[in-house]
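Colleague: This structure is in structure tokens; I'll ask about it shortly.
The values are calculated or read from the model by the stated rules, or taken from the named source; none is laboratory data. All values reported here derive from a predicted model rather than from experimental measurement. Virtual Cβ from ideal backbone geometry, glycine too; neighbours counted across all protein chains shown. To get the accessible areas, we keep the full protein, side chains included, count just its heavy atoms, and leave off ligands, DNA and RNA. Shrake-Rupley method; radii C 1.70, N 1.55, O 1.52, S 1.80 Å.
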Amino acid sequence: MAVRSNDFDGLDLTHLRSLRSPRHNISAIIDRVGEHLDKFDGYVAFSGGKDSVVAVDLARQADPDVPVAFFDSGLEYPETYAYVEQIATKLGLDLHIIRAEPSLLTVMARTGEWDHRGIPSAHVPVQGFETLIAQPARTAHATFGDGEVWGVRADESRKGTGRWSMYYSALAREIRERCQGTSCCSSRAEQRLHHGGTIRRADGTVAYGPVWDWSAADVLAYSHRHQLPTNPVYAKLAALGAPAANLRVSHILDGNFLESGKITRLRRGWPSLFEEIAAALPRIREFV
């Protein structure tokens, strides 16, 4: 039978990604998540990003009742709020929304840096670390325990810097202090599997990143294989011209990437929201 040219719409990339063989031992990773939660209790941090949704799915396979915490800065994309609820319903999550008090927008306005008539305050950090991370994390840990599972990957930063350095420095420390040699691990691969991804913080938090050494392709393949929806913010930012390095689901505005078109994309993609934010932070118009 003759095949007409319009019988095919081209390759189904979603299907091809779902067929990609996992490079990692998924069962062993799920077991590590379970051991981590058994030892430290805690919760899964869900940002609405592609990495964190995989971490959530892995964690719920280890413990279907694990608490999932979404830290709401008050400056998240509208699509992210809807997406978090969608995933919570699809996976049956025990979702807890922890709101920043005050909101990130309030913190930024209080600095005085965003108003031409304001007087900058040296006492209020522009990026609001206390508001965004420290305060919600304290609330979550007080409620759920010292453990945390998060979707943070090493290769989101260059080798030797940032998250890469954090994870590999922590791995060396874990091996030095906790690996019992060949009676524990017989190879570097086993050391990475059994000791990698653990971050011990000064405040007593013990975080485990089950996708710490995954590539972006690994994450996408897992999501397609397990039919995990993707936050639509990614596609919208890409359509607005965001470079691959800036395709991240994060706060709408936090003082980063302002010169790289972030504000222009905000104005084009979410014009009403841009105007509302600009009313509180007039100087963002300088970056359009």
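Colleague: Which of the numbered conditions does Arg200 fail, given that it passes all the others? Conditions: (1) crowded, with 16+ Cβ neighbours inside 10 Å; (2) of a type in the set (Lys, Arg); (3) in contact with a strand residue (DSSP E or B) (Cβ under 6 Å, 6 or more places away or on another chain).
Modeller: (1)
Colleague: Tell me whether segment 85-98 contains one or more residues that are buried (at least 21 other Cβ atoms within 10 Å of the Cβ), within 29 Å of Ala244 (Cα to Cα) and touching a residue at least 24 places away in the same chain (Cβ under 8 Å). Before you say what the answer is, go through the steps one by one.
Modeller: Initial filter on segment 85-98 (buried (at least 21 other Cβ atoms within 10 Å of the Cβ)): 87, 93.
This time we only want the ones that are within 29 Å of Ala244 (Cα to Cα), so: 87.
Right, trim to touching a residue at least 24 places away in the same chain (Cβ under 8 Å) and you get 87.
Yes, the conditions are met somewhere in segment 85-98.
Colleague: Being over 30 Å from Leu253 (Cβ atoms) and modelled with pLDDT of 90 or more narrows it down to one of Asn25, Asn6, so name that one.
Modeller: Details: Asn6 fails: modelled with pLDDT of 90 or more.
Selected residue: Asn25, the only one of Asn25, Asn6 that is over 30 Å from Leu253 (Cβ atoms) and modelled with pLDDT of 90 or more.
Colleague: I'm told Thr106 meets every condition in (1) surrounded by fewer than 21 Cβ atoms within 10 Å (Cβ to Cβ); (2) touching a residue at least 12 places away in the same chain (Cβ under 8 Å); (3) within 20 Å of Pro229 (Cα to Cα); (4) β-branched (Val, Ile, Thr) except one. Can you identify the failing condition by its number?
Modeller: (3)
Colleague: For segment 50-72, name all the residues that are closer than 24 Å to Ala134 by Cβ and either surrounded by fewer than 22 Cβ atoms within 10 Å (Cβ to Cβ) or in contact with a strand residue (DSSP E or B) (Cβ under 8 Å, 6 or more places away or on another chain) (or both).
Modeller: If the condition is that a residue be closer than 24 Å to Ala134 by Cβ and either surrounded by fewer than 22 Cβ atoms within 10 Å (Cβ to Cβ) or in contact with a strand residue (DSSP E or B) (Cβ under 8 Å, 6 or more places away or on another chain) (or both), then Ser52, Ala55, Val56, Ala59, Val66, Pro67, Val68, Ala69, Phe70, Phe71, Asp72 are the ones that fit.
Colleague: Here's another thing I want to ask about it. Hey, does segment 191-202 have a residue that's charged (D, E, K, R), more than 30 Å from Gly74 (Cβ to Cβ) and part of a loop (DSSP other than H, G, I, E, B)?
Modeller: no
Colleague: Right, next: Select from segment 56-84 the residues that are closer than 21 Å to Val152 by Cα, free of Cβ contacts under 8 Å to residues at least 40 places away in the same chain and among the small types (Gly, Ala, Ser) and list them in ascending order.
Modeller: If the condition is that a residue be closer than 21 Å to Val152 by Cα, free of Cβ contacts under 8 Å to residues at least 40 places away in the same chain and among the small types (Gly, Ala, Ser), then Ala62 is the only one that fits.
Colleague: From the list Ala245, Ala239, Ala279, which residue is within 18 Å of the chain's Cα centre (by Cα) and either of a type outside the set (Asp, Glu) or open to solvent by 10 Å² or more (accessible area, probe 1.4 Å) (or both)? Before the answer, list the steps.
Modeller: Details: Ala239 fails: within 18 Å of the chain's Cα centre (by Cα); Ala279 fails: within 18 Å of the chain's Cα centre (by Cα).
Criteria check complete, one pass: Ala245.
Colleague: Determine which single condition Tyr208 fails, assuming it passes every other condition in (1) modelled with pLDDT under 95; (2) among the hydroxyl-bearing types (Ser, Thr, Tyr); (3) within 18 Å of the chain's Cα centre (by Cα).
Modeller: (1)
Colleague: On to the next question. What are the residues in segment 139-156 that are under 18 Å from the mean Cα position of the chain (by Cα) and surrounded by fewer than 17 Cβ atoms within 10 Å (Cβ to Cβ), if any?
Modeller: Asp155, Glu156 - these are the residues of segment 139-156 that are under 18 Å from the mean Cα position of the chain (by Cα) and surrounded by fewer than 17 Cβ atoms within 10 Å (Cβ to Cβ).
Colleague: Using the structure shown, decide if His224 is open to solvent by 10 Å² or more (accessible area, probe 1.4 Å), in a helix (DSSP H, G or I) and touching a helix residue (DSSP H, G or I) at 6+ places or on another chain (Cβ under 8 Å). Walk me through it before giving the result.
Modeller: Values: open to solvent by 10 Å² or more (accessible area, probe 1.4 Å): yes; in a helix (DSSP H, G or I): yes; touching a helix residue (DSSP H, G or I) at 6+ places or on another chain (Cβ under 8 Å): yes.
When the stated conditions are applied, His224 passes them.
Colleague: Of all residues in segment 136-169, which are in contact with a helix residue (DSSP H, G or I) (Cβ under 6 Å, 6 or more places away or on another chain), free of Cβ contacts under 8 Å to residues at least 12 places away in the same chain and in a loop (DSSP other than H, G, I, E, B)?
Modeller: Answer for segment 136-169, where residues must be in contact with a helix residue (DSSP H, G or I) (Cβ under 6 Å, 6 or more places away or on another chain), free of Cβ contacts under 8 Å to residues at least 12 places away in the same chain and in a loop (DSSP other than H, G, I, E, B): just Ser157.
Colleague: Further question: Restrict the check to segment 157-165 and report whether at least one residue is modelled with pLDDT of 95 or more, over 30 Å from Lys262 (Cα atoms) and open to solvent by 40 Å² or more (accessible area, probe 1.4 Å).
Modeller: no
Colleague: For segment 122-143, indicate whether the set of residues that are at pLDDT below 90 and of a type in the set (D, E, K, R) is non-empty. Step through it out loud before you land on a result.
Modeller: Taking segment 122-143 and keeping what is at pLDDT below 90, we get 122-135.
Remaining after also requiring of a type in the set (D, E, K, R): 130.
Checked against the condition, which is being at pLDDT below 90 and of a type in the set (D, E, K, R), segment 122-143 yields at least one hit.
Colleague: Same structure, new question: Can you list the strands (runs of 3 or more DSSP E) found entirely within segment 11-116 that contain at least 2 residues being over 16 Å from the mean Cα position of the chain (by Cα) and aliphatic (A, V, I, L, M)? Write out each step before concluding.
Modeller: Numbers: elements: 43-45, 67-72, 94-99.
By residue number, no strands (runs of 3 or more DSSP E) qualify.
Colleague: Still on this structure, I have one more. Scan Arg188, Arg285, Arg267 and give me the residue that is modelled with pLDDT of 90 or more, more than 21 Å from the chain's Cα centre (by Cα), buried (at least 16 other Cβ atoms within 10 Å of the Cβ) and not acidic (Asp, Glu).
Modeller: Working: Arg188 fails: buried (at least 16 other Cβ atoms within 10 Å of the Cβ); Arg285 fails: buried (at least 16 other Cβ atoms within 10 Å of the Cβ).
Only one candidate qualifies: Arg267.
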